[in-house]
Structures are given as structure tokens and as C-alpha cells.
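Inspection log for the structure reproduced underneath, given as C-alpha cells.
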Amino acid sequence: MSITTSAPIATIASLSAHEGQTVTLRGWLYNLRASGKLLFPIFRDGTGTIQGIVPKAAVPEAVFETLKNLTLESSLTVTGKVRADSRAPSGFELDVEDVQVIQKVPVETPFPIQLKEAGVDFLMEHRHLWVRTPRQSAILRVRATIMRAAAEYFDTNGFIRTDPPILTPNACEGTSELFEMDYFDDDKAYLTQSGQLYIEATALALGKVYSFGPTFRAEKSKTRRHLTEFWMIEPEVAFLELDGLLNLAEGFITHIVTTVLAHHRADLKVIGKDVEKLEAVITPGGFPRVSYDEAHAMLETAFAEGKIEAPHTYGHDFGSPDETYISSQFDKPVMIHRYPAAFKAFYMQPDPLDPTKALCVDVLAPEGYGEIIGGSQRIHDYNLLKSRIEQHDLPLAAFQWYLDLRKYGSVPHSGFGMGIERAVAWICGLDHVRETIPFARTLNRIYP
RNA sequence: UCCUGAGUAGCUCAAUGGCAGAGCAUUCGGCUGUUAACCGAAGGGUUGUAGGUUCGAGUCCUACCUCAGGAGCCA
């Protein structure tokens with residue numbers, strides 16, 4: 001047996017450009033069907049899958065025997081001629097001429113992930129192998145594009161990326177549970193739960209900035225929408241007020257969805273997402289903008305008509321079922337603005353028309369995926385911010401630097417944060433965020 | 001933290017309180033167009049753990065463990 005060294009190396013995704021040519025693929029055995037003297041191995045290489053055809057009479061005995069006895073997920077190089085075939089899902093098949101096994105999966109320890117159904121616990125325990133399956137690979141490709149498109153939107157609109165520290169001396173917002181660790185001799189450090197306060201500083205230095213990195217929440221949330229470690233992209237803009245912030249969020253999401261639709265229709269099909277729902281998001285006309293008061297009125301009507309089970313109490317935050325109902329009324333993300341300040345973060349600017357309201361916005365994804373963006377205009381007045389810190393029983397000393405920003409050339413400014421995993425779950429139509437990140441960290445799982 | 005549910009073969013799941021089973025996977029055999037291929041055969045079990053009730057417990061009771069998804073909180 002000899003490998004055909006003269007054949008050019010190709011990827012499965014690029015095979016349409018090699019029709020009629022003999023090429024060498026490098027990858028793994030994804031599946032193998034046999035029919036007597038005819039083998040149908042399916043190869044994958046990370047860019048896609050293709051079925052090979054191996055008639056016993058057409059190849060050397062050793063090639064046939066090697067493939068016939070090969071175990072799934074064994075690594076290999078395979079050489080063959082690319083042939084168009086209407087029976088193939090991708091339109092192409094490979095007439096195998098030669099194969100070289102790089103590492104054969106031992107027969108006594110077969111690849112544990114079957115092509116049939118499996119439970120969540122088992123799959124998460126084998127996440128390092130689960131990522132090889134077509135659906136999971138497709139999700140990770142879409143995730144990569146969402147992250148690229150998100151950064152690209154800011155990079156091409158004059159924003160400077162300024163990443164905040166991950167180790168912080170205190171809570172950014174003073175609310176969430178934080179992961180605590182020793183910081184050398186006496187001090188404690190905490191993993192960041194948001195970079196917002198830091199990029200307010202860089203926004204006043206550079207004008208338009210953003211940060212993009214991991215954040216950590218030690219809250220014991222056990223739902224399909226929560227991870228303890230997740231990625232967040234946050235813009236912060238000097239001289240930007242709430243209306244401008246809504247425009248920014250709208251353009252940002254539109255760009256991301258447009259980019260995904262331009263590059264991942266095949267992946268979305270594998271994942272099972274209805275692309276028409278994404279196409280509806282980017283039709284002209286902008287996203288619906290609903291005030292907290294208007295949203296509350298919607299919920300009152302819905303409850304009176306029996307469309308939601310529990311009434312919404314005015315002055316309280318919306319619950320998960322409330323958000324699901326509101327978002328179900330629109331086929332685009334809905335922007336809910338001007339929540340009561342009482343249950344919102346301490347740094348949010350009061351609405352001059354009604355100081356009990358905050359100039360803030362939550363963007364709810366369609367189809368019940370919940371909040372994907374939270375943002376606000378920030379308090380720029382020194383004395384107001386100081387009194388809010390005191391009202392919230394936050395340690396004034398820790399926020400001295402943050403107050404400095406309101407002492408040295410303060411200006412109105414605004415920003416928001418988008419959780420990447422929730423955006424991926426929505427755009428891909430997944431029922432849990434644990435599939436949106438290569439290795440999810442959740443309340444009960446830190447392996448593998 | 002609270003509520004609810006689930007733990008049985010490697011995986012997915014069955015089994016009136018009465019002999020612990022099937023499909024898939026694995027191994028062996030058959031098949032020249034299969035699409036999570038199909039057909040035949042074989043191997044594979046301390047029913048999550050510890051107690052209890054009973055002639056008899058996978059099944060009923062108690063405690064615990066693990067996981068799940070919902071609430072709260074959030075992106």
C-alpha cells in the first residue's frame with residue numbers, strides 16, 4: 001500500500017472545485033456502511049462530510065480490508081477521485097483509491113458518541129468528543145461568525161477595543177454573586193461580572209470603545225439561559241444618550257444577523273433553524289420600541305384575555321413568562337425602555353420627564369429567547385451618582401475612581417452589553433445555551 | 001435557596017409487588033447503491049447509595065447522592 005503523494009491536498013468544503021480530479025483528504029471516519037463487496041465510508045475533516053465509494057473489485061485488497069475493518073472516528077488520509085452524483089446530499093462522492101490510517105480507534109473502546117439519540121448528561125460528560133458531531137460543529141462555526149461580526153461592527157464604526165481586567169477588586173454592580181479568590185497576601189480578588197465600569201473610563205478617553213471577553217457569575221441559576229462563565233461584548237460611547245443607544249443596538253444586531261445569513265445557510269439547515277425567522281429580523285423598518293409602561297399594559301390585556309397565567313404587578317420587573325409573551329408579539333427583537341429605576345442598577349440615568357424611570361433598555365430576542373442585551377445611559381452628575389452609591393449601600397471607597405469620571409470632564413454617555421451565548425442560542429434556535437459555547441460551565445458541571 | 005421530575009446493559013428506554021427485556025452500539029456471519037442502511041446470531045446487569053415494609057421489591061416507604069428544567073436573579 002502506498003499513499004498517492006502526487007494528489008493535491010483538499011478540504012471537503014472545497015471539493016466542488018476539484019470535480020473529476022484525484023485529491024487527498026485528511027480527516028476522520030465519520031460512519032461506515034457495508035454491503036457485501038461494496039463499502040460506503042463517510043469521511044469528515046472539519047469542513048464537512050463526504051461519502052466514499054469502495055467497490056471491492058476496484059481497489060487493492062489491502063485498501064478494501066483496511067476500510068472494512070476501520071473503527072469510527074479513526075484518523076486517516078484518503079485519496080480518491082471527486083465525482084458529482086445526484087444521490088449524494090452534497091452533490092459529490094469520492095471514488096476511493098487509497099487510504100492511510102493515522103490512528104485506529106481500538107475496537108475494545110469504540111467512539112462513545114453514537115449517531116442516534118443520547119441524553120444531555122452523557123453528552124455533556126463527553127463534550128470533548130460531542131463537538132465532533134455535525135450539528136455541534138455547525139453551531140460552533142455560527143458562534144465564531146457571530147463573534148466576528150459583532151467585533152467587526154464596532155471596528156468598522158470607529159470604536160476602539162479596550163478590554164477591562166478580569167480580576168477585579170470588587171463587584172461592578174454590587175449585586176451578583178462573584179467568584180472569589182486570594183490575591184497574594186491579604187487581598188481578595190473577584191472574577192469580573194461586567195467590564196462596564198472600566199469601559200466608561202476608556203470611553204471618556206477615546207470616545208467610542210468596546211470590550212469583548214469572558215464574564216463570570218456565581219449565581220446558582222439552573223436554567224436553559226444561564227452559564228457561570230459566558231462571553232459578553234459591551235460598547236460604551238461618550239456623548240451618546242438613550243435614543244442613540246437604541247439605534248446602536250438595532251444596527252448592531254442587524255449586522256450580526258445579516259452576516260450569519262450571508263455565510264451559514266447550510267449550517268443553519270443542519271442545526272434545524274428556520275431562516276425565514278432570521279430574514280424577518282433584518283427587513284426594513286427597525287425594531288419595535290416599547291416603554292415599560294406600554295409593556296405592562298400589554299401584559300394586563302394578555303392576562304385579562306387569559307393569554308398569560310399570572311398578572312404582572314406594576315413597578316416590578318418582568319418575569320420570564322412575561323418576557324416570553326412580549327417577545328412573542330413581534331417577529332423582530334423588541335426594545336423595552338424606561339424601566340422603573342427602583343429595581344435597576346445604581347448607575348442608570350433618571351428620565352428627566354419622569355425621574356422614577358431609568359433611561360435604560362432591555363432587548364428581548366424573538367421566539368421567547370429572553371433578554372440578549374441590557375444597556376442604559378449612565379449617570380454623569382457627580383452628586384447624584386454619589387448619593388445612589390450610598391443608597392445602595394455600596395462601599396464608597398471602592399468606587400472613588402468611578403466617581404472621578406464625574407469630576408474630570410463628565411459627559412452624558414451610554415452603553416450596553418450583549419451575552420454572546422444567548423445571541424447564539426437565539427440565532428441558531430437552540431433550546432439551551434450549553435450548546436453555544438465549546439465547553440459550557442454551569443452550576444453542576446466543570447468537566448471536561 | 002425553593003418547587004417539580006428522572007436515575008435499569010456502553011447509549012436510548014420498557015418491565016400490575018411475582019423468571020430483568022427491546023432497539024442501537026460491539027463481535028461474528030450475509031448482502032454491489034447504502035443514506036442514523038438492512039437481515040441473522042452472540043456476548044453484555046450488584047436496577048444511583050444505605051436502610052426499611054413484605055413470603056417475595058426495579059416497582060412501596062425513609063434518608064442521602066447525582067442529573068435535569070422551572071422559580072428567583074440575570075446576559
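Structure notes:
- Within the stretch A:134-146, if we keep just the residues that are touching a residue at least 12 places away in the same chain (Cβ under 8 Å) and away from RNA strand B (no atom under 14 Å from the Cβ), the residue that is surrounded by the most Cβ atoms within 10 Å (Cβ to Cβ) turns out to be A:Ile139.
- Cβ pairs under 9 Å, 6+ apart, first in the stretch A:297-311 and of a type in the set (D, E, K, R), second open to solvent by less than 80 Å² (accessible area, probe 1.4 Å) and part of a helix (DSSP H, G or I): A:Lys307/A:Thr301; A:Lys307/A:Tyr325
- Residues in the stretch A:103-126 that are within 30 Å of A:Thr442 (Cα to Cα), within 6 Å of RNA strand B (Cβ to nearest atom) and exposed (fewer than 10 other Cβ atoms within 10 Å of the Cβ): A:Lys116, A:Glu117, A:Gly119.
- Among strands (runs of 3 or more DSSP E) entirely within the stretch A:1-102, having at least 3 residues that are more than 10 Å from RNA strand B (Cβ to nearest atom) and open to solvent by less than 60 Å² (accessible area, probe 1.4 Å) singles out A:22-35, A:75-84.
- Checking the stated criteria, A:Arg338 turns out to be modelled with pLDDT of 95 or more, among the charged types (D, E, K, R) and surrounded by 18 or more Cβ atoms within 10 Å (Cβ to Cβ).
- Given (1) outside the structural domain of A:Leu70 (by TED's automatic domain parsing); (2) open to solvent by 60 Å² or more (accessible area, probe 1.4 Å), number of the condition A:Val131 does not satisfy: (2)
- Residue check for A:Ile113: within 22 Å of A:Lys269 (Cα to Cα) and free of Cβ contacts under 8 Å to residues at least 24 places away in the same chain: yes
- Verdict on A:Tyr402 being away from RNA strand B (no atom under 16 Å from the Cβ), open to solvent by 20 Å² or more (accessible area, probe 1.4 Å) and of a type in the set (Phe, Trp, Tyr): no
- Residue in the stretch A:408-416 that is in contact with a Phe, Trp or Tyr (Cβ under 9 Å, 6 or more places away or on another chain), β-branched (Val, Ile, Thr) and more than 16 Å from RNA strand B (Cβ to nearest atom) present: yes
- Qualifying position, being under 27 Å from A:Ala280 (Cβ atoms) and within 16 Å of RNA strand B (Cβ to nearest atom), among A:Ala342, A:Ala295, A:Ala358, A:Ala310: A:Ala295
- Within the stretch A:371-383, if we keep just the residues that are within 10 Å of RNA strand B (Cβ to nearest atom) and open to solvent by 10 Å² or more (accessible area, probe 1.4 Å), the residue that is farthest from A:Glu236 (Cα to Cα) turns out to be A:Glu371.
- Where strands (runs of 3 or more DSSP E) fall wholly inside the stretch A:181-288, the ranges with 1 or more residues that are away from RNA strand B (no atom under 16 Å from the Cβ), open to solvent by less than 10 Å² (accessible area, probe 1.4 Å) and modelled with pLDDT of 95 or more are A:208-216.
- Residues of the stretch A:411-448 classified as outside any strand (DSSP E or B) and open to solvent by 40 Å² or more (accessible area, probe 1.4 Å), total: 11
- Taking the conditions (1) under 25 Å from A:Leu394 (Cα atoms); (2) surrounded by 18 or more Cβ atoms within 10 Å (Cβ to Cβ); (3) not aromatic (Phe, Trp, Tyr) in turn, A:Ile326 satisfies each one other than (1).
The values are calculated or read from the model by the stated rules, or taken from the named source; none is laboratory data. Remember, predicted model here, so these are calculated numbers, not experimental data. Note: ideal-geometry Cβ built from the backbone for every residue, glycine included; neighbour counts use all protein chains shown. Side chains are part of the model used for accessible areas, which takes the heavy atoms of the whole protein and leaves out ligands, DNA and RNA. Shrake-Rupley method; radii C 1.70, N 1.55, O 1.52, S 1.80 Å.
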